[in-house]
1. Taking region 21-45, which residues are open to solvent by less than 60 Å² (accessible area, probe 1.4 Å), part of a helix (DSSP H, G or I) and without any contact (Cβ under 8 Å) to a residue 60 or more places away in the chain?
2. Would it be correct to say that residue 82 is in contact with a Ser or Thr (Cβ under 7 Å, 6 or more places away or on another chain), open to solvent by 60 Å² or more (accessible area, probe 1.4 Å) and among the charged types (D, E, K, R)?
3. Pick out the one residue from 125, 101 that is over 24 Å from residue 43 (Cβ atoms), of a type outside the set (A, V, I, L, M) and out of contact with any Asp or Glu (no Cβ under 8 Å at 6 or more places or on another chain).
4. Would you say residue 95 is in contact with a strand residue (DSSP E or B) (Cβ under 9 Å, 6 or more places away or on another chain), surrounded by 11 or more Cβ atoms within 10 Å (Cβ to Cβ) and closer than 21 Å to residue 21 by Cα?
Amino acid sequence: MPKNNRSAAGQRRIMQAIRSKDTKPELRVRRLLHALGYRYRVHLKDMTGKPDIAFTRRRKVIFVHGCFWHGHQAEGCPDGSRPRSNTGYWNPKLDRNAQRDHENAAALEAAGWQVLTVWACETLDEAALRGRLVAFLGEPVA
């Protein structure tokens with residue numbers, strides 16, 4: 001069935017299948033962090049924005065953002081472009097997601113936390129991701 005002829009029920013099933021946590025990019029980051037010796041907490045509900053990964057002793061958090069849902073605008077990002085149809089729905093929705101991300105990061109930084117955002121497309125290059133994570137976190141504590 002062509003994309004634009006989906007039923008409302010079919011579209012609803014597709015949208016319900018989209019995860020908000022434990023996504024493939026997030027799991028890639030978590031596995032890499034664990035392999036490097038870091039220990040962390042996930043999805044702390046009492047923290048602003050419910051960061052994907054939190055290092056409470058270090059006061060550092062990592063958000064792993066999906067490129068489409070959070071509006072990644074980097075050159076070469078395959079999933080960061082916005083839909084060309086139904087823009088009246090998608091543009092305000094994606095703009096609000098980006099605004100909320102900015103507000104959450106600002107609130108955490110104001111509370112003394114350091115924030116790192118990792119985009120889904122960045123999780124594909126493990127060597128670069130490893131370097132970025134170690135630079136942000138410092139050496140693992142034994």
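The values are calculated or read from the model by the stated rules, or taken from the named source; none is laboratory data. Small disclaimer: the values here were computed from a predicted structure and weren't measured. Because the Cβ atoms are built from the backbone with ideal geometry, glycine has one as well, and the counts that use them run over all protein chains shown. These area figures cover heavy atoms from the full protein model, side chains too; ligands, DNA and RNA do not enter into them. Shrake-Rupley method; radii C 1.70, N 1.55, O 1.52, S 1.80 Å.
1. Across region 21-45, the qualifying residues are 26, 27, 30.
2. Numbers: in contact with a Ser or Thr (Cβ under 7 Å, 6 or more places away or on another chain): no; open to solvent by 60 Å² or more (accessible area, probe 1.4 Å): yes; among the charged types (D, E, K, R): yes.
It is false that residue 82 is in contact with a Ser or Thr (Cβ under 7 Å, 6 or more places away or on another chain), open to solvent by 60 Å² or more (accessible area, probe 1.4 Å) and among the charged types (D, E, K, R).
3. Details: 101 fails: over 24 Å from residue 43 (Cβ atoms).
Just a single option satisfies the conditions, and that option is 125.
4. no
For every residue, the table says whether it meets (1) among the polar types (S, T, N, Q); (2) in contact (Cβ under 8 Å) with a residue 60 or more places away in the chain.
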residue	(1), (2)
68	no, no
87	yes, no
94	no, no
97	yes, no
106	no, no
114	yes, no
121	no, no
133	no, yes
